[in-house]
Each structure stands twice: as structure tokens, then as C-alpha cells.
Amino acid sequence: MKSSQKRLTMLLLAAALISLFSASCRNTVRGAGRDVENAGDHIEKATR
């Protein structure tokens with residue numbers, strides 16, 4: 001395999017991995033935000 005093909009393959013692999021990790025982190029942060037919001041709602045209800 002030529003070195004330019006190896007570079008392109010590695011670049012595409014790296015981009016795919018970065019995309020995968022970014023997508024999973026975004027979902028985790030969104031889920032954590034929902035959990036915090038739900039906890040706040042329960043605290044508000046408890047203080048009424």
C-alpha cells in the first residue's frame with residue numbers, strides 16, 4: 001500500500017473514531033442534564 005493511501009486510511013479511521021466518541025459524549029451530557037433537571041423538580045415538589 002502506498003504511503004498516501006495509508007495516510008488517507010488512518011485519517012478516515014481517526015475521523016470515524018472522533019465522530020463516534022463525540023456522539024456518545026453528547027448523549028451522555030444530555031442525559032446528565034435531564035437527570036439534574038429531574039432532581040431539581042423533585043426538590044421543588046418536596047419544598048412545597
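The values are calculated or read from the model by the stated rules, or taken from the named source; none is laboratory data. The model shown is predicted, which means the values in this text are computed figures rather than measured ones. Don't worry about glycine lacking a Cβ; one is built from the backbone with ideal geometry, like all the others, and counts go over all protein chains shown.
Quick notes on this structure:
- Filter result for THR9 (among the polar types (S, T, N, Q) and modelled with pLDDT of 85 or more): yes
- Test for ALA46: is it modelled with pLDDT of 85 or more, loosely packed, with under 10 Cβ neighbours inside 10 Å and either in a helix (DSSP H, G or I) or within 26 Å of the chain's Cα centre (by Cα) (or both): yes
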